[in-house]
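Note sheet for the following structure.
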Amino acid sequence: MNSWALITGATVGIGESFSRLLAAKNYNLALVARDLPRLQERAQSLESTFGVKVQVIQADLATDAGCAVVERYIAANQIDVLINNAGFGINKAFIVSEVEAEQQMMDVLVRTPMRLMHVALPAMKARNNGVVINVSSVAGWITGGTYSAAKSYLTVLSESLNTEFSKTNVKVSALCPGFTRTQFHQRGQMSMKGVPAFMWLNSDVLVAKSWHDALKGKAISVPGWQYQILVFVITTLPRSIVRKVGMSLRAKQRT
């Protein structure tokens, strides 16, 4: 009998790549997103291509009700792999953005993965088996407003849980990609004209590395030599310089 994987933000980008990777490994899938027609289209495609079972869960993870729907599903079903991928960014400075948008971003990037892990991990621990991958970002090491702060939270929590479960067969890992060719930046209306071509990552490639690293027990997966160098530099430089670079980058994305 196939194991089950649940993926949030599963219809596009990194989440969609995870759905194909896991389906190819014979996992049945529970796909979570807001767009029901797109969810249904992805489910039909995955079922016909890979011969796996696919459940769709329509939920807005920026809301308490949407988060609760997924929590209840995890509590009622054996989920062997949890991919916390859903997310979005805001293309405005903190003091001029709508506070509701800031709160929604915190709810999607912080509240939801925390709550879903809080439901899934006790059952995984009891079975002594499971994988959790939290899609974070290299932005968690810079200073880029609420988004960076939220991703920093997700990375640190993943590291903590990875250590807590290090003596078990439960794996928790943070995937920390850089610029990836998805719809993320277009949806956030961010200007990416200044990003050189070599800095862009392919979502299928980085997802394969993330899965490999998670199974190896790595707390953090940073795909791409360019971002591995960047993270080394960021974590070596004085924070005063990192702050200036991070805020400068955010300002350029808003132009």
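We did not get these values from a lab; they are worked out from the coordinates using the rules stated. From a predicted model like this one, the values you see are computed outputs, not experimental measurements. Quick reminder, even Gly has a Cβ in these numbers, built from the backbone with ideal geometry, and neighbours come from all protein chains shown.
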Next item on the list: On a 0 to 90° scale, report how tilted helix 145-164 is relative to the longest principal axis of the chain, with both axes built from alpha carbons and the result rounded to the nearest 10.
Entry: 50 degrees
Check: Once all Cα-Cα distances of the stretch 4-253 are split into 10 Å bins that start at 0, what whole-number percent is in each one?
Finding: 7, 32, 38, 19, 4, 0
Next item on the list: Show me 45-53, 157-165, 8-16, 218-226 ranked by packing, highest mean number of other Cβ atoms within 10 Å first.
Entry: 8-16, 218-226, 157-165, 45-53
Notebook entry, point to check: To the nearest Å, what is the center-to-center distance of the stretch 22-52 and the stretch 199-232, using C-alpha atoms only?
Noted result: 24 Å
Notebook entry, point to check: Length gain on complete extension for the stretch VAL205 to GLN58, per 0.36 nm per residue less the alpha carbon to alpha carbon distance?
Noted result: 50.2 nm
Check: So how much slack lies between ALA93 and MET1, counting 0.36 nm per residue of separation and subtracting their Cα-Cα distance, in nm?
Finding: 28.2 nm
Next item on the list: Return the whole-Å distance between the Cα centroid of the stretch 59-94 and the Cα centroid of the stretch 109-135.
Entry: 12 Å
Checklist line | Listed residues ALA75, MET199, PHE18: farthest to the positive end of the dipole of the stretch 4-253 (Cβ charges) | finding: MET199
Margin query: Restricting everything to alpha-carbon atoms, can you work out Rg to Rh for the stretch 114-175 with a Kirkwood hydrodynamic radius?
Written below: 1.03
Next item on the list: Grab the beta carbon distance between THR168 and LYS25, set R0 = 22 Å, and tell me the FRET efficiency rounded to 0.05.
Entry: 0.55
Margin query: Could you work out [θ]222 nm for the chain from helices alone, using -39500 (n - 2.57) per DSSP H run of at least four and dividing by all its residues? Round to the nearest 500 deg cm²/dmol.
Written below: -16000 deg cm²/dmol
Next item on the list: Give me the angle, in degrees from 0 to 90, between the Cα long axis of helix 112-127 and the longest principal axis of the Cα atoms of the chain, rounded to the nearest 10.
Entry: 40 degrees
Checklist line | Additional length obtainable on full extension of the chain from LYS244 to ALA68, 0.36 nm per residue less Cα span | finding: 59.5 nm
Next item on the list: Would you mind checking the tilt of helix 203-215 against the longest principal axis of the Cα atoms of the chain, expressed as 0 to 90 degrees and rounded to 10?
Entry: 70 degrees
Next item on the list: Could you size up the charge dipole of the chain around its Cα centre, putting +1 on the beta carbon of Lys and Arg and -1 on that of Asp and Glu, and report it in debye to the nearest 20?
Entry: 660 debye
